[in-house]
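Let me begin by presenting the structure, written as structure tokens, before commenting on it.
Quick note: the coordinates plus some simple rules give every number you see, no bench work behind them. Just so you know, these numbers come straight off a predicted model, no measurement behind them. Every residue, glycine as well, gets a Cβ built from its backbone with ideal geometry; the counts of neighbours run over all protein chains shown.
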């Protein structure tokens, strides 16, 4: 059996539900990790951010309450190192879902990207 895909997810997130439904419908085994209770670690982010091909700023959930509470100006003024610390402390600040299988890291849900990674 294939190694399960790690999905960092928030139970109330509609996009996370869509991604999990997509993966399950294709018979892809998943291990779900609650991103709020167990956000990514600094070591995980150090590996996952480059693997995703996205800048750290693309990892921010800019429509969430945590981002709004910090404020765009404050986030814009943060260094990448500061952003890593913030992402490790507040799972709701991370764009969801976060899907990891080996060296494949997907941020958010994009059906085309999922097809390319798992199709």
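The peptide list 68-78, 41-51, 109-119, put in order of mean Cβ contacts within 10 Å with the highest first, becomes 41-51, 109-119, 68-78. For the Cα atoms of the chain, what angle does the longest principal axis make with the long axis of helix 80-89, in degrees from 0 to 90, nearest 10? It works out to around 70 degrees. Over the chain, dividing the summed -39,500 (n - 2.57) contributions of all DSSP H runs of at least 4 residues by the number of residues returns a 222 nm mean residue ellipticity of -12500 deg cm²/dmol. Label-to-label distance, residue 104 versus residue 24, with points set 7 angstrom from Cα along the beta-carbon direction: 2.0 nm. Restricting the calculation to Cα atoms, the chain yields a radius of gyration followed by a Dmax of 13.9, 47 Å. Taking the C-alpha atoms only, the angle from helix 42-52 to the longest principal axis of the chain is near 70 degrees.
Can you compute the FRET efficiency between residue 70 and residue 115 using 1/(1 + (r/R0)^6), with r the Cβ-Cβ distance and R0 = 41 Å? Round to the nearest 0.05.
Working: r = 34 Å, r/R0 = 0.82.
Using R0 = 41 Å, I get an efficiency of 0.75.
If R0 is taken as 30 Å, the Cβ-Cβ distance between residue 77 and residue 46 corresponds to a FRET efficiency of 0.85. Within the chain, antiparallel bridges make up roughly 60 percent of the DSSP beta bridges whose residues both belong there.
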